[in-house]
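In what follows, a single structure is set out as structure tokens and then discussed.
The values are calculated or read from the model by the stated rules, or taken from the named source; none is laboratory data. Because the structure is a prediction, the values reported are computed rather than measured. Here Cβ is always computed from backbone atoms with ideal geometry, including for glycine, and neighbour counts include all displayed protein chains. Just so you know, the surface numbers come from the protein's heavy atoms only, side chains and all, with ligands and any DNA or RNA stripped out. Shrake-Rupley method; radii C 1.70, N 1.55, O 1.52, S 1.80 Å.
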Amino acid sequence: MGSPQRPPLAHVFRGTFVHSSRSAPMEILHEHLLGVDDGGTIVFLEQSDQQEQLAKKWGFKTSDIRELSNYEFFMPGMVDTHIHAPQYSFTGTRVDLPLLQWLTTYTFPTEAKYKDSDFAEEVYTRVVRRTLKNGTTTACYFATIYTDTSLLLAEILDKFGQRAFVGKVCMDVNDSVPQYKEITADSVRETERFVKELLEKKYPRVQPIITPRFGPSCTEDLLHALGNLAQAHDLHVQSHISENEEEIKVVENMFPAYQNYTELYDKNKLLTSKTVMAHACHLSEEELKLFSLRGAAISHCPSSNFSLCSGILNVQMVLKHNVKLGLGTALGLDDVIGNFEVGKEFDALLINTKASDSPFDLFSADNFEDTVQKFLYLGDDRNISEVYVAGRQVVPFSSSV
């Protein structure tokens, strides 16, 4: 008897693939063939001279191969570890106040509008489309305190095909904008409902994440209950920490029994190997040691830190303490995505460095590494001609979304 027939491949690409591996921070693989199965998993990445053997093994024809030009390459999709979806409506404006005043004046009143599903649907649709178009294949989202429109964000993410974590924001303290806060028991109950209903949807790549907004917006009872919930369901956790010195003083006054801000999360079971904390500009060495011990990650947000004059994260100090740090890693998905290793899902960007409206120029003296660097530092969505998540082409957008 012959070997069983393999299912047809979804994609076979030939060209250049650029990624990071355990052995190199940047690996440029010229003249390679990459195959993706119907489930979106990479099944081979081999040199092109192996084509005959691969074709025999995987049952593809020469006409099935998509050839990249000399000016194109695939790179892994980008990961954004910290996005406030509701704040997208005023992105690029309102950066004239420090953090706490900025939240009170602009952010909380805006987020209060997301009780309205029509308003929420427009903004959430646009933020998902925009991030995908810019190459973000995986994102970690804060929504708002409203369960139903937070579930709507998850539905939109599934429809467009972005891989994501979505959090219903939890906050039972907000003296400055009292209409935008929850009763403690309601926050816990609604978070349980959010998690239950989102898991019941069985979206293949959209998961819930426990999301206390930050220390000043939560009581100890709420933090404790959320920590128990995260532990009971083995869920990821996201929040903010030590973004701004004024914020740290508020936390010290609200929670005098805790040695520091990090201990507040840790003692309430919210600092785990599945935790991502945003900003962390002012953590002490003692706190960084605790982050390292727990395996918790920091999401570095330099644009926000500079815009709101919050502070500067000492990246070298964070790395010295072996703390996971990412603009675009640290979500615990490194066994599923992140590069083009066989067995991982094909989350990828097709880059055209000679797009007709490219924001940078190439010169005859540029080698291929130069062109990759020019895209990384100067390129934008004009150079991203296609985006794939788990083998599914999600950009350009289909007419159905």
*Quick one: in region 41-83, which of the residues that are acidic (Asp, Glu) and either open to solvent by 40 Å² or more (accessible area, probe 1.4 Å) or part of a helix (DSSP H, G or I) (or both) is farthest from residue 376 (Cα to Cα)?*
52
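To keep it simple, each residue is scored yes or no on (1) of a type in the set (Phe, Trp, Tyr); (2) more than 25 Å from residue 187 (Cβ to Cβ); (3) assigned to a loop (DSSP other than H, G, I, E, B).
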{"site": "243", "(1), (2), (3)": "no, no, yes"}
{"site": "251", "(1), (2), (3)": "no, no, no"}
{"site": "258", "(1), (2), (3)": "yes, no, yes"}
{"site": "269", "(1), (2), (3)": "no, no, yes"}
{"site": "272", "(1), (2), (3)": "no, no, yes"}
{"site": "276", "(1), (2), (3)": "no, no, no"}
{"site": "281", "(1), (2), (3)": "no, yes, yes"}
{"site": "293", "(1), (2), (3)": "no, yes, no"}
{"site": "306", "(1), (2), (3)": "yes, yes, no"}
_Subset of region 84-99 that is crowded, with 17+ Cβ neighbours inside 10 Å and of a type in the set (A, V, I, L, M, F, W, C) - its residue that is farthest from the chain's Cα centre (by Cα)_ = 99
*Look at region 10-40 and say how many of its residues are open to solvent by 40 Å² or more (accessible area, probe 1.4 Å) and either among the β-branched types (Val, Ile, Thr) or in a loop (DSSP other than H, G, I, E, B) (or both).*
10
*Kindly indicate the residue of region 242-257 that is touching a Leu at 6+ places or on another chain (Cβ under 7 Å) and either among the aliphatic types (A, V, I, L, M) or open to solvent by 70 Å² or more (accessible area, probe 1.4 Å) (or both) and also nearest to residue 145 (Cα to Cα) among those meeting that condition.*
251
*Of all residues in region 375-401, which are closer than 20 Å to residue 159 by Cβ, open to solvent by 80 Å² or more (accessible area, probe 1.4 Å) and in contact (Cβ under 8 Å) with a residue 24 or more places away in the chain?*
392
_Residues (of a type in the set (Val, Ile, Thr) and either in contact with a Cys (Cβ under 6 Å, 6 or more places away or on another chain) or over 30 Å from residue 255 (Cα atoms) (or both)) located in region 122-172_ = 123, 125, 127, 128, 131, 136, 137, 138, 149, 156
*asked:* Condition (residue is under 21 Å from the mean Cα position of the chain (by Cα) and either modelled with pLDDT of 90 or more or open to solvent by less than 40 Å² (accessible area, probe 1.4 Å) (or both)) applied to region 353-374: is it met by at least one residue?
replied: no
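Given the criterion in contact with a helix residue (DSSP H, G or I) (Cβ under 7 Å, 6 or more places away or on another chain) and more than 24 Å from residue 397 (Cα to Cα), identify the matching residue among 174, 134.
Among 174, 134, only 174 is in contact with a helix residue (DSSP H, G or I) (Cβ under 7 Å, 6 or more places away or on another chain) and more than 24 Å from residue 397 (Cα to Cα).
Could you name every one of the strands (runs of 3 or more DSSP E) located completely within region 318-396 that has at least 2 residues being over 24 Å from residue 239 (Cβ atoms)? Before the answer, list the steps.
On the way: elements: 324-326, 348-352, 384-389, 392-395.
Ranges flagged: 348-352, 384-389, 392-395.
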*Hey, could you check region 171-201 for residues that are touching a residue at least 40 places away in the same chain (Cβ under 8 Å), of a type in the set (A, V, I, L, M) and in a loop (DSSP other than H, G, I, E, B) and say which is farthest from residue 229 (Cα to Cα)?*
177
*What are the residues in region 163-192 that are open to solvent by 40 Å² or more (accessible area, probe 1.4 Å), modelled with pLDDT of 95 or more and of a type in the set (D, E, K, R), if any?*
181, 186, 189, 190, 192
*Do we find that residue 164 is assigned to a helix (DSSP H, G or I), of a type in the set (Gly, Ala, Ser) and under 22 Å from the mean Cα position of the chain (by Cα) in this structure?*
no
*Checking residue 290 against (1) over 23 Å from the mean Cα position of the chain (by Cα); (2) within 23 Å of residue 222 (Cα to Cα); (3) surrounded by fewer than 19 Cβ atoms within 10 Å (Cβ to Cβ), which single condition isn't satisfied?*
(3)
*Set 276, 250: member being touching a residue at least 60 places away in the same chain (Cβ under 8 Å) and touching a Pro at 6+ places or on another chain (Cβ under 6 Å)*: 250
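Would you mind finding the one in 203, 261 that is of a type in the set (Phe, Trp, Tyr) and open to solvent by 30 Å² or more (accessible area, probe 1.4 Å)? Please lay out each step first, then the result.
Values: 261 fails: open to solvent by 30 Å² or more (accessible area, probe 1.4 Å).
Only one candidate qualifies: 203.
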*Selection count where residues are more than 23 Å from residue 389 (Cβ to Cβ), without any contact (Cβ under 8 Å) to a residue 40 or more places away in the chain, open to solvent by 10 Å² or more (accessible area, probe 1.4 Å) and in a helix (DSSP H, G or I), scope region 111-161*: 6
